[in-house]
Amino acid sequence: MDYKAAIHNALEGVRQEGRYRVFADLKRHRGAFPRATWTTPSGDTRDVVVWCSNDYLGQGQNPVVLAAMHQAIEEAGAGTGGTRNISGTTHYHVELESELADLHGKEAALLFTSGYVSNDASLSTLQKILPGLITFSDELNHNSMITGIRNGGGPRQIFRHNDLSHLEQLLAAAPADAPKLVAFESVYSMDGDIADIRATAAMAKKYGAMTYLDEVHAVGMYGLRGGGVSEAQGAAADIDIIEGTLAKGFGVMGGYIAADAEIVDAIRTFAHGFIFTTSLPPALSAGALASIRWLKGHNEVRIRHQERAEALKMRFKAAGLPVMPSVSHIVPVLVGDPVHCKMVSDMLLTDYGVYVQPINYPTVPRGTERLRFTPTPFHTDAMMDDLTAALSGLWSKCNIARLGGVAA
């Protein structure tokens with residue numbers, strides 16, 4: 001077999017579809033977020049405004065967070081030197097897990113190296129602990145959840161997005177004595193819609209199912225202390241396992257689950273994704289701890305964040321741009337074609353100093369390609385006005401219909 005040709009053809013197929021992904025070489029400026037420097041393919045540098053960062057609250061630039069990370073490096077050095085079971089559990093990890101448990105009102109929490117790993121490891125391990133577990137998964141769940149559910153090898157049922165009637169049909173049809181788990185998200189990051197957590201939890205309880213809630217796009221940003229949508233809806237106590245990330249609202253890196261102590265202990269004991277990987281460095285754990293503590297006491301940042309998102313949506317709507325319905329901080333603009341999506345993204349970067357990454361398949365279904373904007377508390381009115389003017393002009397220049405159709 002000509003392996004090189006096969007690999008080349010696979011890549012060429014993605015290029016031909018117009019969804020080949022190109023990295024933007026960025027260097028963020030400490031204290032100037034969301035501004036950054038972009039190194040062009042020719043090696044030149046340009047100042048840009050970042051509009052698609054998952055550092056939703058700019059916590060990766062918070063002096064309190066940076067000071068905690070510097071102090072941890074001075075105190076403990078760079079890495080941990082092992083897995084959590086073999087020399088890799090430090091006091092920073094213990095403190096952070098305690099803080100996360102408190103954030104969600106749970107007995108315990110468990111750290112992972114990323115949100116992806118926490119979903120994959122936890123959802124697959126639950127099926128090993130509970131043989132025959134049937135997992136009921138929202139059709140728009142993140143890839144990490146889908147992967148974890150599949151890796152568990154057990155039966156699974158997919159319910160229509162945020163459709164509780166369909167979920168009830170599936171739950172009612174399942175064997176009454178079978179173990180069950182309903183897995184869903186709070187904020188769906190590509191569409192920006194939000195689940196009814198209390199109603200979903202009540203439905204699960206009615207049919208004897210556990211609940212697993214992914215809050216990665218909500219922790220830090222919703223609730224009076226940043227506990228996510230489950231806190232904002234007063235439903236955290238109704239959820240068995242809350243999963244989150246330290247890499248978005250908290251601005252650092254890592255993932256976690258929070259639940260009652262025995263559930264956490266069981267996943268700690270059986271999850272290969274936890275057992276066989278090096279633990280988070282002390283600096284990351286210390287930075288995340290400082291970020292969580294700081295955000296618990298600064299609800300004004302969350303209020304400002306929501307105001308900025310609404311301000312951008314209103315500007316896009318007034319300009320006639322096809323902004324997709326969103327009740328969260330996610331502001332998606334429908335393009336509907338991978339080639340045009342990449343074209344608009346490239347022109348925004350090269351001509352206007354605006355960086356927003358095109359979102360194509362497999363992240364979203366084919367035909368729903370979009371630009372996904374994530375305004376932060378630090379995006380100014382002037383930045384929004386410049387972005388809206390640039391995007392509106394390009395929509396006409398690229399001959400894309402205002403309702404999101406492909407070019408004529």
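The values are calculated or read from the model by the stated rules, or taken from the named source; none is laboratory data. All of these numbers come straight from a predicted model, not from anything done at the bench. Virtual Cβ from ideal backbone geometry, glycine too; neighbours counted across all protein chains shown. To get the accessible areas, we keep the full protein, side chains included, count just its heavy atoms, and leave off ligands, DNA and RNA. Shrake-Rupley method; radii C 1.70, N 1.55, O 1.52, S 1.80 Å.
Suppose accessible area is computed on protein heavy atoms with a 1.4 Å probe; arrange VAL94, VAL187 from highest to lowest.
Output order, biggest surface exposure first: VAL94, VAL187.
One compactness figure for the range 26-92 is 1.53, namely its Cα radius of gyration divided by 2.2 N^0.38 Å. Does anyone have the angle between helix 381-397 and the longest principal axis of the chain? Alpha-carbon axes, 0 to 90°, nearest 10? For helix 381-397, the angle is close to 70 degrees. Two numbers describe the Cα atoms of the chain: Rg and Dmax, which are 21.8, 64 Å. Across the protein chains, with a 1.4 Å probe defining accessible surface, the residues TRP395, TRP38 rank TRP38, TRP395 from largest area downward.
For the chain, which longest stretch is free of loop sites, where a loop site is one of the trypsin sites (Lys or Arg not before Pro) that DSSP puts outside H, G, I, E and B and that has at most 13 other Cβ atoms within 10 Å? Counting only loop sites that pass the neighbour cut-off, the longest clear stretch is 31-365. Remark on VAL182: its backbone amide H falls under 5 Å from those of PHE136, MET210, THR211, TYR212, a criterion applied only to residues 5 or more positions apart or on other chains, H modelled at 1.01 Å from N. Between ASP102 and LYS317, the FRET efficiency estimated from the beta carbon spacing at R0 = 51 angstrom works out to 0.85. Phi angles across the range 44-55 convert, under the Karplus curve 6.51 cos²θ - 1.76 cosθ + 1.60 with θ = phi - 60°, into 3J(HN,Hα) values of 6, 10, 9, 7, 9, 9, 7, 10, 10, 6, 8, 6 Hz, Gly and Pro given as x. Compute the signed sum of charges (Lys and Arg +1, Asp and Glu -1) over the other residues within less than 14 Å, Cβ to Cβ, of LEU312. My count for the surroundings of LEU312 gives +1. I'd like to know which of ALA32, HIS272, ALA6 lies farthest towards the positive end of the charge dipole of the chain, counting +1 on Cβ of Lys and Arg and -1 on Cβ of Asp and Glu. Toward the positive end, the furthest listed residue is ALA6. Among beta bridges from DSSP that stay inside the range 158-257, the antiparallel ones total about 35%. Take the Cα of ASP2, step 7 Å along the line toward its Cβ, and report every residue of the range 17-42 whose backbone nitrogen sits under 14 Å from that point. None, by backbone N distance to the label point. Based on C-alpha pairs under 8 angstrom that are at least 6 apart in sequence, the range 261-362 has a relative contact order of 12 percent. Secondary structure note: in the chain, about 60% of the DSSP beta bridges are antiparallel. To the nearest ten degrees, helix 282-296 and the longest principal axis of the Cα atoms of the chain are 80 degrees apart. Considering only beta bridges that DSSP places wholly inside the range 10-160, some 70 percent are antiparallel. The listed residues LEU213, LEU140, once ranked by accessible area (1.4 Å probe) with the largest placed first, stand as LEU140, LEU213.
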